[in-house]
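Please treat every number below as a calculation from the coordinates, not as lab data. Just so you know, these numbers come straight off a predicted model, no measurement behind them. Every residue, glycine among them, receives a Cβ derived from its backbone with ideal geometry; neighbour counts consider all protein chains shown.
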Amino acid sequence: MRYLCLIYNPANIDGTLTPKESDELVKAHFSFDEELSRDGIMIHSDALEMPEKATVLRVRNNMLQATDGPYVETKEHLAGFYVIEARHDQAAKEIAARIPSARVGAVELRPVRILTLPE
């Protein structure tokens, strides 16, 4: 089964880690990526730019509305993600708990819903 692991960082932590702490976190992620790839678990992972770089798109009455930058007040922001393959929920939880950023933020684990076209 496929799972999405959404990494949320506290908004007040960005820019507060020392360069050494930041480097250690990045190195831990690269090491974790290699481990998941070697074990055939990782489908994809990426870090995301800061919320200020985001654009939210909505189409209403056939008109495109675009909002730049942070669009909701929140104490945490989506910082990155992993798409993994796991046998069941418990296995996915065990994998997601090892994501290095879980030590400074939170990881939301969500099963991926595979859509099919109705006949």
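Here's how it looks for ALA79: its modeled amide H is under 5 Å from those of ILE7, TYR8, ASN9, which are all 5 or more places away or on a different chain.
Given their separation in residues at 0.36 nm each and the Cα-Cα distance between them, LEU48 and ASP33 gain 3.8 nm when the chain is fully extended. Size check on the stretch 2-111: the Cα extents along the three principal axes, sorted descending, read 46, 36, 19 Å. Annotation: peptides 2-13, 54-65, ranked by per-residue average of other Cβ atoms within 10 Å with the highest first, follow the order 2-13, 54-65.
The slack between THR18 and LYS93, meaning 0.36 nm per residue of separation minus the straight C-alpha distance, is 24.1 nm. Only the Cβ atoms of Lys and Arg (+1) and of Asp and Glu (-1) were treated as charged; on that basis the dipole of the chain about its Cα centre amounts to roughly 320 debye.
Remark: the ARG103-THR116 segment gains 1.0 nm on full extension, using 0.36 nm per residue and subtracting the alpha carbon distance.
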